[in-house]
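First the structure, in the form of C-alpha cells, and then the observations on it.
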Amino acid sequence: MQTQVAIIGAGPAGLMLAHLLHLAGIESVVLEARSREYVESRVRAGVLEQGTVNLLNTTGLGERMRRVGLLHHGIELAFAGKRHRIDMQALTGDAVTVYAQHEVVKDLIQARTLSGGEIIFDAANVGIHGIDGNSPVVRFEKDGSLQELHCTYIAGCDGFHGICRPSVPKGVLTTYERIYPFAWLGILADAAPSQDELVYMNHDRGFALFSMRSPKVTRLYLQCDPDDDIKNWSDDRIWDELLLRFRCKDGWLPNVGKITQKSITPMRSFVTEPMQYGRLFLAGDAVHIVPPTGAKGMNLAVADVRVLAQALAENFETGSKTLLDRYSEICLRRIWKAQRFSWWMTSILHKFPEANPFDQRRQMAELDYVTSSQVASQSLAENYVGLPMDVPDRWSN
Ligand code: APR
Ligand code: PHB
C-alpha cells in the first residue's frame, strides 16, 4: 500500500488531519488499533472552543453540532458556597459549545467514509520505520496478515500511550511533566441539567464540576484520590459526595438520576519537545496532555493538526518545507499557553493535600480576585474560549 500521509490513530487529531488533508487534495490512510464502535463510544470531555467550532463549520462538519451542541456564553466559578458567573460573551465576544468528543469523532468518521477515504480499524502491532530517511513505512497486522504502508510522511496521532513518540530515538525529545496528587471521578447521569451553564466548584472536600451533554443528560466530576478504584464508589456514595460538594447558599443543586457511566481519570500536565523528527510529526495527546480543568485537550489536538495540514499542503503543493520545519515551534507557543491556563485553573480549584493554611487563604483570594476584577475575569474568559491561532491558515474565517 502507498499513500502520501500515514496517520496513526483515529482520535480527533488523526481524523481531523485526514479531513483537512482531503480538503487540500492530499491522500492519507488512517490506522487505528481499536474498532470503530470503540472509538465512537469512548466517553471523553466535550467543550469546543470557538475556533474549533468555526473550523468544524467551515470544513463542512458542523451540521449535527449546530443542531445538538449546546452554546454556552458563560461559566460559573463557585467557592465558599457562592456561585460567580464569568460572562465570556460580554468579556470576549466569543462562546464555547458543549458537544461530546465522541460525537465529533462520529462526524469525522462519517465525513471520511462519505469521501471514500480509508480508515483501517483493528490494526494490530502497528510499527513505524525509516522516519529519519526519505521513504518511511508503517507495518501492521490486519486480520492476521502482515501489511506495509509506504508514505511520504507519518503523522503520530496515537495518543499518550501510542507507539509513535517512543519510536523517536533516545535523546531527541525532552519531556516536561507534572503529575497531580488527585484524579477526577466522572459520571454521566440520566438527569436534566439543573441549569444551563457549567459550574466549577472549589470545596473543602475537593473540586467538583457540573457539566452536561444534552437537555436530558448531566455530566459531573469530583476530585478523588489518584489511587482510588471506581469499585469503591457505589452510585449512592457518588451522589452523596456530589450533593455535599455542590450545596450552595442559594439552594442550587444538580438533579439526581440514574448513573449510566462512571470512571476515574488521572491528572497530568505533559509536553514533549520537539513535536517532529525526520518524517514523523506528532500531534494531540501523543505529545501533550493537559489536566481537564481548562477544557483544552481536544481543542489542542485540533489546533495541532490544523497547523500540520497547512504545512503538509504547502509542502505537497510547492515543495517548500518552510512551514513544515516550523510546525513544532508554531504549535508549542500556543500549547504552552494552554498548559499554563490548564495548570492555573487546576491550581485555583482543587484541594491540594500538601496545602497549608496560607495556601488555602491565597487560593480563596485568587478566586475572589478572578471573579471580582473585570480584567482578571477577562483573562480567564480569553483563555477559556481559546487563544487565537498564531499563524492564519486557509480555514481561518
Ligand atoms: N496504533 C494505532 N492506533 C493507536 C495506537 C497504535 N499503536 N495506540 C493508540 N492508538 C489510537 C487510540 O486507540 C486512539 O483512538 O490512537 C487514538 C488516539 O486518540 P486520542 O487518545 O483521542 O488522542 P487525540 O486524537 O490526540 O485527541 C486528544 O483525546 O484524550 C483526549 O483529552 C484528550 O480531548 C483530548 C483528545
Ligand atoms: C465535560 O463536560 O466533560 C467537561 C467540561 C469542562 C471541563 C472538563 C470536562 O473543564
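Any read-out appearing in this document is the output of simple, stated calculations on the displayed coordinates, not a laboratory observation. Note that this is a predicted model, so its numbers are computed, not measured. Positions of Cβ are generated from backbone atoms using ideal geometry, with glycine treated the same way; all protein chains shown enter the neighbour counts.
One table, with the values for the structure above:
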quantity	calculated
Under 19 Å from the Cα of Lys351 - lysines, other chains or at least 8 residues apart	Lys82
Helix-derived mean residue ellipticity, 222 nm - over the chain, DSSP H n ≥ 4, -39500 (n - 2.57), to 500	-11000 deg cm²/dmol
Alpha carbon centroid spacing (whole Å) that separates segment 66-85 from segment 179-227	12
19 Å reach of a label modelled at Tyr176, 7 Å along Cα-to-Cβ, counting backbone N of segment 345-382	345-348
Relative compactness, segment 178-267, computed as alpha-carbon Rg over 2.2 N^0.38 Å	1.02
Length added when fully stretched, Asn57-Gln360, from 0.36 nm per residue minus Cα-Cα	104.8 nm
Peptide ranges 141-153, 4-16 listed from the most packed, as the mean C-beta count within 10 angstrom indicates	4-16, 141-153
Total lysine pairs whose alpha carbons fall under 22 Å of each other in segment 178-267 (8 or more apart, or interchain)	4
Quarter of Cα convex hull surface for segment 139-209, i.e. mean projection, nm²	10.8
Relative contact order for segment 178-267, counting Cα pairs under 8 Å that sit 6 or more residues apart, in percent	44
Estimated FRET transfer efficiency (Leu114, Asp393; beta-carbon r; R0 25 Å; 0.05)	0.60
Between helix 327-349 and the chain: long-axis angle, C-alpha atoms, 0 to 90°, nearest 10	20
Net charge over other residues, Cβ less than 10 angstrom from the Cβ of Ala45 (K, R count +1; D, E count -1)	+3
Leading residue at positive end of dipole, the chain (Cβ point charges), from Asn356, Trp395, Gly11	Asn356
For the chain, alpha-carbon Rg relative to the globular expectation (2.2 N^0.38 Å, N residues)	1.00
Estimated dipole of the chain in Debye, rounded to 20 [Cβ of Lys and Arg +1, of Asp and Glu -1, Cα centre]	500
Among Ile259, Ala301, Phe270 - extreme Cα towards positive end, dipole of segment 252-306, charges at beta-carbon	Ile259
